[in-house]
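Inspection log for the structure reproduced underneath, given as structure tokens.
The values are calculated or read from the model by the stated rules, or taken from the named source; none is laboratory data. Note that this is a predicted model, so its numbers are computed, not measured. Every residue, glycine as well, gets a Cβ built from its backbone with ideal geometry; the counts of neighbours run over all protein chains shown.
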Amino acid sequence: MPIHLMLNTPVIPATALNNLPRPERSATLPAGYPQRSGLRRSRKISKPTEKSDDAFHYVPGPRKRTTSVPQAVDNTTPPEHTEPIQYFVSLHGTNELHLGQLSKVAIEAIRNDIFSHWPHGLEVDELDGEVWRVKFRGTLWTFTGPDARRALVLLKKLFEEFSDKGWTFQTSVNFYLLYFSHTACRASLVDFPPRAQRHLVDLLQKHKVFTQPSWPDESERIQVIEMKKSTGFKSLEADSSHFLAGLLSSLDTLGFSLETAIPIAKKAPLSWFGIGPKQELFIFRSNQAIEK
């Protein structure tokens with residue numbers, strides 16, 4: 001550098017440099033804290049812990065959400081599913097009924113609404129495990145005598161009770177009974193609508209089944225249809241089978257679907273050997289409304 005320039009350059013003593021004021025760090029940040037541009041909000045708020053070598057490998061988990069007014073924890077457990085999926089109904093002997101896997105509510109409803117109307121009462125009413133055993137006084141399942149109509153109505157009301165509680169096919173709401181005697185070639189229709197009574201005889205004639213004029217009982221709830229006895233060498237069993245086949249086909253045409261068939265207990269001296277009047281109970285369902 002030229003000498004004249006060196007002479008004009010101001011010289012600051014070293015002691016003066018030490019007396020210059022240094023820039024003060026913000027009081028909000030302690031010494032050694034990184035610059036604000038390098039700060040990131042922690043995803044987890046936790047108490048300070050001692051540093052370790054594994055601290056750099058720690059991945060914070062999800063933060064538990066809290067509220068200003070925490071809700072009470074519901075420690076109650078949901079009720080167990082105690083409602084059965086299926087019900088079982090079976091007839092035993094001449095006066096006994098078994099119902100399996102019924103809930104207590106269903107048992108009380110059937111006992112109060114149906115069985116209590118049986119005029120002769122009950123001999124046995126007990127719950128053995130999951131089977132409800134009911135034994136009536138009298139001989140219901142022979143369907144003979146003055147209580148025959150009451151027994152038919154009782155069974156019909158039992159199926160209606162199940163239907164009202166939803167224990168049937170969802171498309172099935174109405175039930176009807178047909179009591180058929182193979183020996184007498186006679187069918188008793190319980191609470192069938194008038195349209196079935198009007199058209200059934202005509203449909204049977206198309207199947208070459210000729211019947212006697214039907215007549216109602218005293219309560220007009222049971223219509224009786226009896227087949228005319230044929231002449232010749234045809235056996236009684238063939239006549240009854242032909243009559244029954246025509247009945248089932250005709251009722252199906254009218255919209256009555258067969259739900260189940262129950263053989264009726266025989267009440268005769270030789271019934272243990274299969275000898276005696278053969279009778280069956282048929283239960284039908286229909287999706288159509290009941291006609292008045």
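What pairs can you find where one residue is in segment 247-262 and free of Cβ contacts under 8 Å to residues at least 40 places away in the same chain, the other is of a type in the set (A, V, I, L, M, F, W, C), and their Cβ atoms are less than 6 Å apart, with a gap of 6+ or different chains? What qualifies is Leu258/Phe284; Thr260/Ile283; Ala261/Phe282.
Would you confirm whether or not segment 212-219 contains a residue that is of a type in the set (S, T, N, Q), in contact with a strand residue (DSSP E or B) (Cβ under 8 Å, 6 or more places away or on another chain), over 22 Å from Glu160 (Cβ atoms) and modelled with pLDDT under 80? Within segment 212-219 (the criterion being of a type in the set (S, T, N, Q), in contact with a strand residue (DSSP E or B) (Cβ under 8 Å, 6 or more places away or on another chain), over 22 Å from Glu160 (Cβ atoms) and modelled with pLDDT under 80), the answer is yes, since at least one residue qualifies. Out of the residues in segment 122-153 that are assigned to a loop (DSSP other than H, G, I, E, B) and not acidic (Asp, Glu), state the one that is farthest from Ile283 (Cα to Cα). Across segment 122-153, the extreme among qualifying residues is Gly129.
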